[in-house]
Amino acid sequence: MRSLRIFLARLRAFFSLRKAGAELDEELETHLSLLTERFVRQGMEPEEAAATARRQFGNGTMLRERHREARSFVSFAVLWRDVRYGARLLRKGPGFTAVAVISLALAIGVNTTIFSLARQLLYERLDVWHARDLRLLAWTGSRGHVVVHDMWGNWNDLADGRVASNVFSYPVYEQLKADNRVLDDLFAFKDTSMNSTVGGEAQRVQAEMVSGNYYSAPTAPPQLGRSIQPSDDSTPGQGAVVVISYGLWEREFGRSPAALGQIIKLNDVPLTIVGVNPRGFTGAGSTLSSPDVFVPLAMQPLVAPGMLYGTDDPSLLANTSEWWLNVIGRVKRGVSEAQAQAALNTQLAAIVRATMPVPPGAEIPYLELGDGSRGLFEQEREYVKPITVLTTLVGLVLLLACANIANLMLARGAQRQREMSVRMALGSGRMRIVRQMLAESLLLAALGGTGGLLAGYFGGNAIPKLMENTWQRSSLHIDFNWTVFAFTAGITILTGVLFGLAPAFAAARSEVALGLKETAKTTPRRRRGMGGKALVGFQIALSTLLVIGAGLFIRTLAGLSAVDVGFRTDHLLLVEIDPPVSRYPGGEDIMLHRRLEEKFATIPGVELVSATAAAYLADGSLRMDFAPQGKTYDRNESPLEDFNLVGDRFFATMGIPIVAGRAFGPQDTRSSATVGSSTRAWHAHGFPARIRSENFSEPA
Amino acid sequence: MANGGAVYSGKSEVLQGTLDLMVLKTLHALGPLYGFGIARRIEQLSEDVLTLNEGEVYTSLLRLKQQVWIDSECETSENNREARFYSITGRGRKQLAVETENWERIAGVIGRVLWLERQG
C-alpha cells in the first residue's frame with residue numbers, strides 16, 4: 001500500500017519533472033536568501049553571510065540530484081551506467097551470451113512463424129464488411145440415397161454414412177433467394193480455374209463467378225473502377241465484364257490505371273476490365289489468396305461451358321440436376337440461427353420437390369447453416385490436424401526455451417552471488433542491485449528479441465517458398481503478426497527477467513556476511529541446487545519428448561515416401577491441359593490430346609506419354625454411377641464409383657501391370673465396342689463372377 | 001548511503017526517520033509553515049545539539065509528501081514573497097500518533113537499558 005502510494009506519486013511526478021525541478025529551485029533560492037538576510041541582521045558582512053548560509057544549508061546540487069531521483073524512478077545517467085556495465089559483462093562471457101541470445105531468438109522466431117501460420121490458416125476471416133455475420137449454406141444426406149447425384153464441388157463422406165456438401169443448383173439458389181425471409185441477402189459464387197489471355201499471353205487463372213449482388217455489402221471501395229453490379233448478372237451470356245484482383249493488376253498491368261477498359265479473354269471469350277479489387281480482398285471462397293478474376297455468373301455458359309459429363313447444354317443456369325454453386329448469406333437481426341436454418345430447410349425441401357424428380361425412397365438433402373466468415377474454409381480439412389500437432393510441438397519448444405533461459409539465468413545468478421554480497425557489503429542499496437540485474441536481463445532480452453524478430457520475419461517468408469513448386473505460383477503468404485510476436489517475445493523475455501532477478505532478490509534478502517562466507521567456501525546452497533536440478537530434469541524430459549516426436553515424424557515421412565501407390569512415381573511429369581470448349585468441342589478435344597501426345601513423345605528424353613482425365617495423387621478424382629452388364633441401371637440404386645478416362649498408353653506410362661486381358665489400343669475408338677478395365681481389388685469385390693470380362697457399360 | 005526503499009521501513013535509517021518525525025510534529029504543532037520556518041523551528045528546539053544541513057528538510061518534505069502525510073500550497077508569506085506552505089494531512093496525523101508511540105516505546109527501552117548499565 002505504502003509502496004503503491006510512492007509509486008503513484010513518482011508516476012505523477014514523472015510527467016511533470018521539469019516543472020517540479022523549477023519549483024524546487026525557486027524554493028531553495030528563497031530559503032538561501034532568507035537565511036542570508038538573517039545572518040546580515042545578526043551583523044555579518046553580506047558576503048560572509050551568504051557563505052555561512054550556504055554552509056548551513058548544505059550541498060544544493062546533491063540535494064537537487066537526490067530530489068530528482070526520489071521523484072522519478074531512476075535517473076537516465078544511472079540507467080545508462082547500468083546498461084554499460086551489463087554490456088561489459090555480457091561481452092566478458094561470450095559463451096553464455098551466445099547461448100542465451102540464440103535460445104531466445106530461436107524460440108521467439110520459430111514460435112512467431114508457426115503461430116502466425118496457424119493464425120493465418122485457421123483463424124483469419126474474410127476481409128469483408130462484418131465477416132463474422134456470414135453463413136455458408138451446406139447440406140447433408142445419406143450416401144446413395146440423397147436425391148442429389150451430380151455435383152461439381154466439394155463433398156465429404158462423413159463417418160456415419162452420410163455425405164456433406166456445400167453446392168447447390170442455380171435454380172435452387174434463385175428460389176432460395178426469392179423466398180428468403182430469414183437471412184439478409186443471399187449471394188452465390190463459384191471458384192474455378194480458367195484459360196485466359198491477358199495482354200496477348202495465355203495463362204491459367206483462378207476465376208470466381210459471382211452473383212450480381214456479390215459486391216452489395218458496404219465493403220471497401222474498389223481500388224479502381226467499379227465492382228460487378230446486379231445489372232451485369234441479369235441476362236445469361238450478357239455482361240462481358242471482369243473485375244481483376246489487386247495481385248493480377250500488379251503482376252500484369254504494373255498497377256497502371258490504363259488497365260481499365262482493356263480486354264482479357266477467358267476461355268476465348270473477350271471481357272472488359274471494369275474494376276480492380278482493393279488490396280487484401282480475397283473473394284468469398286478463401287481467406288488465403290484471391291482469385292485472379294471475378295466475372296458475373298451470367299457469363300457461365302460462355303466462360304465455363306460444358307464442364308460436366310453428360311450435359312449437352314453448356315449453361316448450368318437452368319440445370320436443376322447439377323449442383324455446383326456455393327451460397328453465402330448474412331444473419332438478419334432478430335432471427336435466431338435455429339429459426340433461419342429451419343425456415344431455409346423447409347424452403348429447400350419444397351424447392352427440390354418442385355425442381356427435381358424425386359423418386360420414392362430418395363432423400364431430400366437437409367440444409368445446414370455453417371460459419372461463412374472464412375469462406376469455404378477448404379484448408380480446414382487439410383490443415384487442422386497438422387497445424388495442431390505443429391503448434392503443440394513449437395509450444396513445447398517455447399516451454400523448453402523458457403526453461404533454458406531460466407536455468408541459464410539462475411546459474412549466472414549463483415555465480416555472481418559473491419559479487420553481490422561484496423557490493424552489498426560496500427553499501428550498495430538493494431534496489432540498486434536489483435536494478436543492475438534488471439538492466440542486464442533486459443539487455444539480453446533486447447538482443448534475443450531482435451534476433452527473434454529477424455528469425456520470425458525471415459521464417460515467415462521462407463515457409464511459402466518451401467511449399468512452392470515449379471508449376472504453381474505460391475499463393476500463400478504469411479503476414480508477420482505483431483500480436484503473435486509480442487506474445488512469444490513477452491513470454492520468453494518475462495521468463496528471462498524473472499529468473500534474472502530471482503538471484504538478485506535472494507542476495508538482497510540474505511545476510512551479506514553469510515553470502516560472502518558461503519561462496520568463499522564454495523559450499524553449494526541446498527535450496528538453490530534443488531531448484532536447478534528440477535529445472536534440468538524438466539529440460540531433459542521436454543527435450544526427450546521433442547526428439548522422440550521428431551523421430552516419429554521422420555519415420556512417418558520416410559514410410560510415406562515408400563508407400564506403394566500402385567504405379568511408378570519416378571521420372572513422371574505432369575502437365576495440365578484444359579483446352580477451351582468453344583474452340584475444341586466434343587471429339588476435337590480428343591484429337592487435340594492425340595496430337596499433343598504425339599508431339600510430346602518426340603521430345604528427346606520423353607519415353608512415354610499418355611492423357612488422363614484424373615491424375616492420380618494430384619488432388620482430384622472423378623465419380624460416376626455404375627452398373628455392371630446384366631444389371632439394369634437404376635439411378636438411385638447403382639453405387640457411385642471412382643472412374644477415370646485415359647489414353648492408349650496410360651498403363652504403360654504409369655507402369656501399371658495388366659493382370660488379365662489387354663491394355664487399350666488404337667483399335668478402341670468411338671465406333672468400336674466400348675471397353676474398360678478395372679482394378680484387381682475392385683474386380684474381386686464389385687463384379688459378379690460370371691461377367692469377369694473386360695466389358696462394362698457406362699450409364700446413359 | 002541513502003537508499004530509497006529502506007527509509008520507509010523506518011527501522012534501519014534512524015536519523016532520517018527522526019528528521020521526518022520532527023518535521024511532521026512541527027507541522028502538527030504550529031500549523032502550516034514554509035520550509036524556512038520549519039528549519040528555524042527545528043534549530044530553535046534542538047538548541048545546537050543537532051547540526052542539520054537545512055537542505056535536508058526539503059528531502060524530508062518530499063518524502064512526507066509522497067506518502068501523502070503532508071500537503072503543500074503556494075501562498076504569499078508575511079514579507080510578500082511567494083512561498084510554498086506545508087500542512088499536515090489527516091493521514092499524517094494518524095501516522096504521527098503511530099510514530100510517536102513507537103518512538104516513546106523505543107526511547108523507554110533504551111532508557112531502561114542505559115539505566116541498568118549504569119546500575120551494574
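The values are calculated or read from the model by the stated rules, or taken from the named source; none is laboratory data. The structure presented is a predicted model; accordingly, all values stated were derived computationally and were not measured. Cβ atoms come from the backbone with ideal geometry, glycine included; neighbour counts cover every protein chain shown.
Observations on the model:
- Scope the stretch B:43-71; condition more than 8 Å from every other protein chain (Cβ to nearest Cβ), at pLDDT below 85 and in contact with an Asp or Glu (Cβ under 9 Å, 6 or more places away or on another chain); matching residues: B:Glu43, B:Leu50, B:Leu52
- Answer residue from the stretch A:415-424, given it is of a type in the set (A, V, I, L, M) and crowded, with 19+ Cβ neighbours inside 10 Å and is nearest to A:Gly500 (Cα to Cα) among those: A:Met420
- Condition met for A:Asp268 (surrounded by fewer than 19 Cβ atoms within 10 Å (Cβ to Cβ), under 31 Å from the mean Cα position of the chain (by Cα) and touching a residue at least 60 places away in the same chain (Cβ under 8 Å)): no
Yes or no, residue by residue, for (1) within 14 Å of chain B (Cβ to nearest Cβ); (2) surrounded by 15 or more Cβ atoms within 10 Å (Cβ to Cβ); (3) in a helix (DSSP H, G or I):
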{"site": "A:Leu79", "(1), (2), (3)": "no, no, yes"}
{"site": "A:Arg84", "(1), (2), (3)": "no, no, yes"}
{"site": "A:Arg88", "(1), (2), (3)": "no, no, yes"}
{"site": "A:Val110", "(1), (2), (3)": "no, yes, yes"}
{"site": "A:Leu122", "(1), (2), (3)": "no, yes, yes"}
{"site": "A:Arg125", "(1), (2), (3)": "no, yes, no"}
{"site": "A:Val128", "(1), (2), (3)": "no, yes, no"}
{"site": "A:Arg132", "(1), (2), (3)": "no, no, yes"}
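- Taken over the stretch A:634-690, the criterion of being closer than 21 Å to A:Arg568 by Cβ, surrounded by fewer than 13 Cβ atoms within 10 Å (Cβ to Cβ) and at pLDDT below 75 is satisfied by A:Arg680, A:Ala681, A:Trp682.
Let's see how each residue does on (1) surrounded by fewer than 22 Cβ atoms within 10 Å (Cβ to Cβ); (2) of a type in the set (S, T, N, Q):
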{"position": "A:Asn195", "(1), (2)": "yes, yes"}
{"position": "A:Ser211", "(1), (2)": "no, yes"}
{"position": "A:Asp232", "(1), (2)": "no, no"}
{"position": "A:Thr272", "(1), (2)": "yes, yes"}
{"position": "A:Gly283", "(1), (2)": "no, no"}
